[in-house]
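Q: Got a structure for you, questions after.
Any read-out appearing in this document is the output of simple, stated calculations on the displayed coordinates, not a laboratory observation. Worth saying up front: this structure is predicted, and the values here are computed from it rather than measured. Cβ coordinates were reconstructed from backbone atoms using ideal geometry, including for glycine residues, and neighbour counts include every protein chain displayed.
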Amino acid sequence: APRPNTPVGTYDLVVVSNRLPVDKVTRPDGSVEWRTSPGGLVTALEPVMKQADGAWVGWAGVADDESEPFEHDDISIVPVTLSAADIEEYYEGFSNDTLWPLYHDVIAPPTYHREWWESYVRVNQRFAEKAASVTATDGTVWVQDYQLQLVPKILRELRPDLTIGFFNHIPFPAYGIFSQLPWRAQIIEGLLGADLIGFQRAADAGNFTRAVRRLLSFTTKGTAIDVPIDEEISEAIEPARVSTSRRGSLVRTVHARHFPISIDTQSFEDLARRPDIQARAKEIRAGLGNPKVVMLGVDRLDYTKGIGHRLKAFGELLADGAVTVEDVTLVQVASPSRERVAAYQQLRDEVELTVGRINGDYSSISHTAISYLHQGYPREEMVALYLASDVMLVTALRDGMNLVAKEYVASRFDDDGVLVLSEFAGAADELKSALLVNPHDIDGLKESILEAIQMTKSERTKRMRALRKRVRDYDVSRWSTAFLSTLTDPSGTPSYVATK
Ligand code: G6P
């Protein structure tokens, strides 16, 4: 039961994430619009939430917004307010300048500031209190991503009656890296407030479990972790989740498993089959001067995505004369992201300098080497781009999953197109028929790009069919169903077949 005097809500399933599925946008005339927010998380969870009668707790993407809860597109939206200082310290600071680079194998150096940590604690407390107040007795709360790792523990203290899941959308680093974090034990303890902690790859779950052993010396067996609890707490928890350890103390069993996230595959295929979108794809190719080969990169402008490595490889292929701008062009969509964080400003400068140099050196009046677009686009336009592109380049240096790779595959109902995919993206565990690359190996990357360009039609079809099968069989609804059913009954056979 909930603790006495704690307010309870009415929703049986509550998702908590830093960002709501919609951002609040105020137009110049002062009117307000709620617009679909950027990033893979929203794409992944929106269909899940439309099906469930649940609520979504999160931030509207602007400072000091105090909007009341409302319905949007059949989803109940419960906004959490962040002040300008919270945004600077909790979001831009600790989430995106400490945790993000640390969890992506320190590709950029993480910054450690005690004020940022204190803000992270305060804001996590606020999210937890909000979630606690809207969730029904014995309800389920599903907490999302690295911005909210303390929420499970706070929530469990406020509401021991709840079933709590957590899913980490980004990688979880090896202990040698994670241990840099001055607040490493607090983060682990925060996460262990959940009943089920989900990760993208088996390796991430393993890294987490090892961190638990190293830092807290708790017993682990496979994916199960025994978390010692006291008697008072044990009485409030579902009996099936409590047991007595070999040493005779009471423990709560927490599971850490991998559930590779996916997309709403069918909706991408449906868009790709639309005649207007196919016409748009043709128009895009014509606009590019109908080159023999169109290559495509689509990323948030983020240093984890390996955009520089991709540009270097393409630039060298042009310099070598292995490809020419008449034959091969690269479209690079780099959607604006976290623009107030210094590392992102620096990355933008580097990328734009490189694009400018390559275009200056190799473009002709009629053919541009790289069409660079620092913009975000609606889903329809993205699918047209996917259809228009012969080669999709996903060269992340580290990526939790990379849903763009799956979106490309889902859109190619014609069984054509070649996916070049970094082995450092979570998607590589599943999409084994892609051309897997190590983006740090520029020569290897160049060879793979040439192989993609020159691949025969029958080989392309064979590979794309295999990729499409995986993305069709494992779509996002299967992902969320697997997570939620494992959360309800961790002993049940996982319906989501594990990837090695
Ligand atoms: C990644 C993260 C998400 C995040 C998204 C966009 O996909 O896993 O949690 O929402 O990037 O980043 P932003 O900082 O704009 O929310």
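Q: Which order, highest average first, do 134-141, 195-202 follow once you tally other Cβ atoms within 10 Å for each residue and take the mean per peptide? Walk me through the intermediate numbers first.
A: Details: 134-141: 21.1, 195-202: 24.1.
So the order, starting with the most tightly packed, is 195-202, 134-141.
Q: While we're here: Based solely on its DSSP helices, what 222 nm [θ] is calculated for the chain when runs of n ≥ 4 H residues each add -39,500 (n - 2.57) and the sum is averaged over all residues, nearest 500 deg cm²/dmol?
A: Details: 17 runs with 196 residues, N = 500.
One gets -12000 deg cm²/dmol as the mean residue ellipticity at 222 nm.
Q: Using the number of other C-beta atoms within 10 angstrom as an exposure proxy, rank L216, L484, L403 with the fewest first. Walk me through the intermediate numbers first.
A: Details: L216 14, L484 17, L403 23.
Arranged by neighbour count, lowest to highest, L216, L484, L403 become L216, L484, L403.
Q: With each pseudo-label sitting 7 Å past Cα toward Cβ, what's the A202-E339 distance in nm, one decimal?
A: 4.3
Q: How compact and how long is the chain, expressed as Rg and Dmax of its alpha-carbon atoms in Å?
A: 23.2, 78
Q: Once you keep just the Cα pairs under 8 angstrom separated by 6 or more residues, what percentage relative contact order results for the chain?
A: Reported relative contact order: 13 percent.
Q: Give me, ordered by chain and number, the residues 5 or more places off I77 or on other chains with an amide H under 5 Å from its own placed amide H.
A: Sorted by chain and number, the residues that satisfy this are W56, F70, E71, H72.
Q: H258's amide H: which non-local residues (gap 5+, or another chain) put their own amide H closer than 5 Å, with H modeled 1.01 Å from N in plane and none for Pro or chain starts?
A: F199
Q: Considering the alpha-carbon set of segment 285-408 alone, what are its Rg and its Dmax in angstrom?
A: In Å, with Rg to one decimal and Dmax whole: 14.0, 40.
Q: Let's test the formula: R0 of 25 Å, r as the Cβ-Cβ distance of S491 and E232. What FRET efficiency results, to the nearest 0.05?
A: Values: r = 25 Å, r/R0 = 1.02.
The computed FRET efficiency comes out at 0.50.
Q: Now for a separate question. Based on Cβ point charges of +1 for Lys and Arg and -1 for Asp and Glu, what charge dipole magnitude is obtained for the chain about its Cα centre, in debye rounded to the nearest 20? List each step's numbers first, then the result.
A: Details: 55 positive and 70 negative charges, 305 e Å.
Taking the Cα centre of the chain as origin, the dipole is about 1460 debye.
Q: Rank L99, A396, S491 by how far each Cα sits towards the positive end of the charge dipole of the chain (+1 on Lys, Arg Cβ; -1 on Asp, Glu Cβ) and give me just the farthest.
A: Value computed over the given set: S491.
Q: Of all DSSP beta bridges in the chain, what percent run antiparallel (nearest 5)? Working shown, then result.
A: Details: 18 of 65 bridges.
The antiparallel fraction comes to roughly 30 percent.
Q: Determine the equivalent ellipsoid of segment 190-265 by diagonalising the alpha-carbon gyration tensor, then write out the semi-axes as square roots of 5 times the eigenvalues, largest first, rounded to whole Å.
A: Values: eigenvalues 125, 47, 17 Å².
Result for segment 190-265: semi-axes of 25, 15, 9 Å.
Q: Enter the angle in degrees (range 0 to 90, nearest 10) between the Cα long axis of helix 442-454 and the first principal axis of the Cα atoms of the chain, meaning the one along which they spread out most.
A: 70
Q: Hey, another quick one. Which entries of K153/K432; K292/K406; K305/K432 show an alpha-carbon separation above 27 angstrom in the structure shown?
A: Details: K153/K432 37 Å; K292/K406 24 Å; K305/K432 19 Å.
K153/K432, as the Cα separations exceed 27 Å there.
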